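Student: This is the structure I have questions about; it appears just below.
The numbers here are math on the coordinates, done by the rules we state, and not lab data. No experiment lies behind these values; they were computed from the predicted model shown. Cβ: placed from backbone, ideal geometry, glycine included. Neighbour counts: every protein chain shown.
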Amino acid sequence: MSDTHLDSNIPGNPAYHFTILPPERATGAGWGQRPELVPGARALTRCVHAGVQPDPAYGAVMPPLYLSSTFAFKDICTNAGYDYTRSGNPTRACLEEALTILEGGSGATCTSTGMSAVIVALNLLPVGSHLICTVDCYGGTFRALEHAKKTYGLEVTYLDLADLDAVKAALRPTTRMIWVETPSNPLLRLTDIAAIAKLAKAHGALTAVDNTFLSPGLQRPFEHGADLVIHSTTKYLNGHSDVVGGAVLAAPGNTALAQQIQSLNNLLGTSQSPHDCFLVLRGLKTLQVRLKQHQATATEVAAFLDARPEVRVVHYPGLASHPQRALAERQQDGPGAMLSFELNDGSRERVDHILRSLRWFTLAESLGGVESLVAHPASMTHASMTPEARAKAGISDGLIRLSIGIEDPADLIEDLRQAFETLPVPTIATHAGAHI
């Protein structure tokens, strides 16, 4: 692409506007056929090669890091596909192409954070819209939706999306989007994406799926009818806890929607920096390898927790006892590496003991890195939710969330065991009301 193009996707945009779609990338530059064009490439291969080809200038195997804020024009109204890094950048284009290939969409836009990806998606909604959302959504998403309710008049209904009858009953003439987290954060509830997408399409609404917990390595929502996929690329896609970023992707065949989300990202000024894109692109290369170890370790940890007498329930789709195990097997390639559990006695004293006693699990928010993390949703990731909203979502004060890293499972299990074995004895009330 060497010329400018009109962009009429966003009402009110100036007509004289340069496209932010990346230029066509040459396939005949003497470096052979691009790997993603080779039929039948499998997941491991696609992760290594998606969005990457030898640099035509010098044959660099990794895409160059373009830190320039601005790009020279060849002539009036003529450039090489880029004019300003907020609008588009060659390094960011490589990551957007890679994510599009891995998710199977028609286009992607990479944002500065996972939350800015949420904001870009929500800005697709016209004034007066109604949105239906997973009841135990990420606390930051809840905070953004509540802000939009108060400031912009967005109407929001929070539901357990597994209850399709409740979803049908909640649909309104103004419903424009159903926001899905599957598995949900932090209770690992699953939503039947195909069933929700069918309802949404019949109603003229978009289905947006936050795929952060699984990544395209384990779940591809477009294959089940989703219109949008949202990521915090900070998490599994990057995988090393050294960058923040987000992405929004449009479904295959919907290039108009792809252009619209890219235009919104440009308009809002939420584009991801080239350096952060470079790091996420690097992380993608080991996504499948990391996920294999993450998931294998999580399966062992979940089984250990499920057998502990101190634990009331473990939320993990890989357990045979999980009520939605069949759905997980149908729409996911694996249960993932996030889990949460609740103690029989969920007193703050005992919860705090677990949080303070663990040695290999770092007490921190976020997830998806190679290191294991432990979090207390009620006081950390979901503290922005009101107590009433947390109660409605089922997020108790005794809930503990684990992001399982790639350490040896025996070490993580031993760490959890020593935390349980040193728990303080529960306080027991006597018939006289005294405590012992």
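Student: By count of other Cβ within 10 Å, fewest leading, how are 133, 94, 277 ordered? Display every interim value, and only then the final one.
Tutor: Details: 133 20, 94 25, 277 28.
With the fewest neighbours first, 133, 94, 277 line up as 133, 94, 277.
Student: List 58, 84 from most exposed to least, where exposure is judged by having the fewest other Cβ atoms within 10 Å. Please report the intermediate quantities before stating the final value.
Tutor: On the way: 58 7, 84 16.
So the residues, fewest neighbours to most, are 58, 84.
Student: How tilted is helix 287-307 with respect to the longest principal axis of the chain? Cα atoms for both, answer in degrees (0 to 90, nearest 10).
Tutor: 10
Student: Right, another one. Give me the angle, in degrees from 0 to 90, between the Cα long axis of helix 348-357 and the longest principal axis of the Cα atoms of the chain, rounded to the nearest 10.
Tutor: 60
Student: In addition: What does a probe at residue 151 reach in the stretch 172-198, counting residues whose amide N is under 17 Å from the point 7 Å along Cα→Cβ?
Tutor: Backbone N within reach: none found.
Student: Over the chain, what is the relative contact order in whole percent, taking alpha-carbon pairs under 8 Å and six or more residues apart? Kindly include the intermediate steps, with their values, before the conclusion.
Tutor: Numbers: 874 pairs, mean separation 67.7, N = 436.
Over the chain, the number comes to 16 percent.
Student: List the trypsin sites (Lys or Arg not before Pro) in the stretch 63-128 that DSSP assigns to loop (not H, G, I, E or B) and whose Cβ has at most 13 other Cβ atoms within 10 Å. Which are they? Could the numbers behind the result be given before it?
Tutor: Values: sites: 74, 86, 92; in loops: 74, 86.
Here the trypsin sites (Lys or Arg not before Pro) that fit, given the DSSP loop and packing criteria, are 74.
Student: Build a GNM of the chain with springs between Cα atoms under 10 Å: which of 311, 289, 425 gets the top mean-square fluctuation?
Tutor: For the chain, modelled as a Gaussian network with Cα springs under 10 Å, the answer is 425.
Student: Another question about this same structure. Angle check, please: helix 255-268 long axis (alpha carbons) against the longest principal axis of the chain (alpha carbons), in degrees 0 to 90, nearest 10.
Tutor: That works out to roughly 80 degrees.
Student: Can you find, among 144, 416, 375, the residue farthest towards the positive end of the dipole of the chain? Put +1 on the C-beta of Lys and Arg, -1 on that of Asp and Glu.
Tutor: 144
Student: I want to verify a result. In a Gaussian network model of the chain, Cα cutoff 10 Å, which of these has the top mean-square fluctuation: 380, 338, 177?
Tutor: 380
Student: Going by how many other Cβ atoms sit within 10 Å of their own, how do 137, 77 line up, fewest first?
Tutor: Values: 137 23, 77 10.
In increasing order of surrounding Cβ atoms, one gets 77, 137.
Student: Grab the beta carbon distance between residue 421 and residue 69, set R0 = 56 Å, and tell me the FRET efficiency rounded to 0.05. Working shown, then result.
Tutor: Numbers: r = 56 Å, r/R0 = 1.00.
Efficiency for this residue pair is about 0.50.
Student: Answer with a single label: of (1) 23.4; (2) 27.3; (3) 26.0, which was calculated as mean projected area of the Cα convex hull in nm² from the structure in view?
Tutor: (1)
Student: Connecting C-alpha atoms closer than 10 Å in a GNM of the chain, tell me which of 303, 41, 337 has the biggest fluctuation.
Tutor: Looking only at 303, 41, 337, the largest GNM fluctuation is found for 41.
Student: Quick one: which residues, 5 or more positions from residue 313 or on another chain, have an amide H under 5 Å from its amide H? H modelled 1.01 Å from N in the peptide plane, none for Pro or chain starts.
Tutor: Result for residue 313 returns 342.
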